[in-house]
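Below is one structure, written out as structure tokens; comments come after it.
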Amino acid sequence: MKTILAILIALLPLIALAQNETPDSIKAQELNEVVVEAQMQRTSATVSTYIPTSKQKTASQTGTDLLNRMGIPQLRLTVGDNATVRTASGQDVEIFIDFQPASSADLSGMRMTDVKKVEYYEYPEDPRFQGKAHVVNFVMLKYEYGGYVKAYANEFFIANSGQLNLYSRIQYKNMTYDIAVGGYYNNMPHNYTNTYETYRLPQEDGTIKEFERISEATDSKFRRRYYWPTFKALYATDKVSIQNVIGTNFDHYPVRFNNGVVRYLPSDFDESTYGSESSNRNNSITYNGYWNFILSNNNILNFTPYYSYSHTNQQASYKETNAETINNNAIDDSHRLAGTLNFTHKFGKAGTLMISAFAWYIRNHTAYSGNTVFEDERTNVRTSPQIKYSINTEKFHGQFGLGWAFDHSTKKRSKESTNAPVVDLSVQFSPNNKHSIVGEFHYRISGDVSNYNSAAIIQQNPLLSYTGNPNIKPYESYSGNISYTWLPSNKFSFTAYGNVWTIGKRSAFNYEASSTSVLRTIIQPAGGYTQGAYGAYGTLRLIGGKLQLTAELAHTLAHNGYPYNWNKNHIDFALQAGFYTGKWNFGGYFVSGGGYPDGCMVGTWMKTVSNAAVWAGWANPVWNFKLVVANPYRWNWNESTSVMHSKNYDITEKAYNSNAHCFIQLSATYTFGFGKKVKVGNEANQQMGVNSGILK
């Protein structure tokens, strides 16, 4: 010890000298801290992967809300509380959670902080996705045991509607149980449609009698009650996954009435008043199953059984001055039984083979009463075997499918059978994790047309009636789509797309005129129908991801042949911004007025008004509050206008409800978690580099 002390005393003069030394001629320089940022988005020939930030997860109240905040370029979400998810080009997207089919209840009930990543697939070869074309899969944190309970509630002021959903999830070992209960109510004083009709009726002397009929509401009331309990049980191991879901729906419109005036131009008929009342009740129960088995020798088998029963009771009456009351009542019982069986074998580098068989059985029994007394009973059966083969390399994924659809329908005293091929082709090329190109082509035969098979004639007003066509046959359709996605960095993402859809041997509404009225029938084949669109969608993230800007631009085009004979197009755009600071988040969006065809069967062109909103939210991992002010610049109730022109009959309808009017929405979620989560050590989060050792 004395030796060490002597050495330190001897070194003291040297230490003092060092403190007084002249500094080196090279000046000390302070450098910025090195930050290594994880890649939060990437794409490949098979899947695009996106990792939500903690701010996005904490601020989101539902699964669709999270997708919207993430700004995934391949997806387009409709605005509003009941947003739907589609591809950027407008095609349906199937939602999965941990490779299990998910419902809207799952999306509203899922715990946002448990989301690890979001995957987007185009024509995945994974059999767990059941051969679906466009798939979003949420990958979640697992629990060793425990789970969470979530309550979600919102209230629309001015619109006078709201909902409350309760969702609970419990996991223990290989079992997961979900229980969801939801309710919705709507009491709107403004929910009606004003109609402006033009009739051209041939007279016995060879002339055409043309006049306008204008129906405008002066008073209205609309009420709806909707409840849905659902139970789901999932058993999952490395080799077996079995999910069973049972849900019921109770949808009731106890009150819906409109009062107004009817005018005619020229005034060949006296002005009159009208009153319409209707009520509707629909109760249903549904079973959905998903059974997946991983067998030996790279073989996989899955089966998806489905059954649904619904009972509908509908009553409606319409009365005009100096005209008889029109009563239209109907009671319907419908059953749908369906199932898909898939067998998949993986050959390794040689590709993957999938053999599938799909079948459905639909039975409808409908009894009409009132002015029309009629009874319909019909069944539709489809069976469709199909074979698909896919090839997957590091940069390329291709899939070709060929099948056959057999349709058989039975009505009261007639039977009919048809069959046709089914063709699917998709290719994806991704030279690296920043670029992806997807192309696809499909040939399809439409199936279920139960709503239009009836020969019953229903009177809508004193001058207009409608009927169906018991001889409608499935019709063919061709569709193609191409898209390009670019993910240069976490700060920017972009998708451009183009698609086309054309139909042959279609059925269409046709308006046949007599000297006193018009009857809407259904003809087949009608003239050709083609619809297409192209556009782009991009997201920019600034200030370290705190500010996110999203923009969309699209051009829609359509051709509708006989009996409508028109060509139309429309350009629309949307803008959205979101900002995060601490536990607060702010944002807003603007969606321009839209224009689009209302399906291939009708000649209607829809025009919607613009929508805009601003919001503010506060959230932590447990509570989430959000206040929205929508359409602050609009104080009328007109939401959309539809226009249809034909040889004998034209109609313009203006729909009024609370969606377009200024309203305030307050929503809140509370999530209570418990139990123990599986430890995960490979999460992809932002990585901070070690502090610099440079002298400061």
Restricting the search to the stretch 290-317, which residues are under 30 Å from GLU216 (Cα atoms) and either small (Gly, Ala, Ser) or open to solvent by less than 70 Å² (accessible area, probe 1.4 Å) (or both)? THR312, ASN313, ALA316, SER317
Specify the residue that is surrounded by the fewest Cβ atoms within 10 Å (Cβ to Cβ); the eligible residues are those in the stretch 487-506 that are of a type in the set (Gly, Ala, Ser) and under 26 Å from the mean Cα position of the chain (by Cα). GLY498
Number of positions in the stretch 318-343 that are over 30 Å from VAL245 (Cβ atoms) and crowded, with 17+ Cβ neighbours inside 10 Å: 5
List the pairs whose first member sits in the stretch 562-576 and is over 18 Å from THR550 (Cβ atoms), whose second member is assigned to a loop (DSSP other than H, G, I, E, B) and hydroxyl-bearing (Ser, Thr, Tyr), and whose Cβ atoms are under 6 Å apart, counting only residues at least 6 apart or on separate chains? PRO563/SER646
Members of the stretch 199-248 that are in contact with a Ser or Thr (Cβ under 8 Å, 6 or more places away or on another chain), polar (S, T, N, Q) and either closer than 21 Å to ALA655 by Cα or in contact (Cβ under 8 Å) with a residue 40 or more places away in the chain (or both): GLN203, SER215, THR230
All but one of (1) small (Gly, Ala, Ser); (2) assigned to a strand (DSSP E or B); (3) touching a residue at least 60 places away in the same chain (Cβ under 8 Å); (4) open to solvent by less than 30 Å² (accessible area, probe 1.4 Å) hold for ALA159, so report the exception by its number. (2)
Counting only residues that are closer than 30 Å to ASN624 by Cα and open to solvent by less than 50 Å² (accessible area, probe 1.4 Å), give me the strands (runs of 3 or more DSSP E) lying completely in the stretch 513-583 with at least 3 of them. 529-542, 547-560, 566-581
The listed residue being of a type outside the set (Val, Ile, Thr), closer than 30 Å to ILE170 by Cα, part of a strand (DSSP E or B) and modelled with pLDDT under 95, out of SER220, SER241: SER241
So which pairs qualify, if the first residue must be in the stretch 260-274 and under 16 Å from GLU324 (Cβ atoms) and touching a residue at least 24 places away in the same chain (Cβ under 8 Å), the second must be in a loop (DSSP other than H, G, I, E, B) and of a type in the set (Asp, Glu), the Cβ gap must be under 8 Å, and the two must be at least 6 apart or on different chains? VAL262/GLU271
Flag if LEU201 is farther than 30 Å from ALA660 by Cβ, within 23 Å of the chain's Cα centre (by Cα) and surrounded by 16 or more Cβ atoms within 10 Å (Cβ to Cβ): no
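Listed here are the residues, each with its yes/no results for (1) among the aromatic types (Phe, Trp, Tyr); (2) at pLDDT 90 or above; (3) within 30 Å of LYS546 (Cα to Cα).
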{"position": "ILE95", "(1), (2), (3)": "no, yes, yes"}
{"position": "TYR123", "(1), (2), (3)": "yes, no, no"}
{"position": "PRO127", "(1), (2), (3)": "no, no, no"}
{"position": "PHE138", "(1), (2), (3)": "yes, yes, yes"}
{"position": "GLU144", "(1), (2), (3)": "no, no, no"}
{"position": "ILE170", "(1), (2), (3)": "no, yes, no"}
{"position": "ALA180", "(1), (2), (3)": "no, yes, no"}
{"position": "ASN187", "(1), (2), (3)": "no, no, no"}
Residues that are farther than 23 Å from ASN249 by Cα: find the strands (runs of 3 or more DSSP E) completely inside the stretch 51-123 holding 2 or more of those. 75-77, 85-87, 115-122
So if I check each of THR84, THR53, THR62, THR58, which one is modelled with pLDDT of 85 or more, of a type in the set (S, T, N, Q) and open to solvent by 40 Å² or more (accessible area, probe 1.4 Å)? THR53
Residue pairs qualifying under the 9 Å Cβ cut-off, at least six apart or on distinct chains, with the first in the stretch 285-305 being over 18 Å from ASP106 (Cβ atoms) and among the hydrophobic types (A, V, I, L, M, F, W, C) and the second being in a loop (DSSP other than H, G, I, E, B) and open to solvent by 60 Å² or more (accessible area, probe 1.4 Å), are PHE293/LYS239; ILE294/ASP238; ILE294/LYS239; LEU295/LYS239; LEU301/LEU295
Considering only the stretch 223-238, state which residues are under 27 Å from the mean Cα position of the chain (by Cα) and either over 30 Å from GLN130 (Cα atoms) or assigned to a loop (DSSP other than H, G, I, E, B) (or both). ARG223, ARG224, ARG225, TYR226
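The values are calculated or read from the model by the stated rules, or taken from the named source; none is laboratory data. Since this is a predicted model, take the numbers as computed values, not measurements. Backbone-built Cβ (ideal geometry, glycine too); neighbour counts: all protein chains shown. Remember, those area values only see protein heavy atoms, side chains included, never the ligands or the DNA or RNA. Shrake-Rupley method; radii C 1.70, N 1.55, O 1.52, S 1.80 Å.
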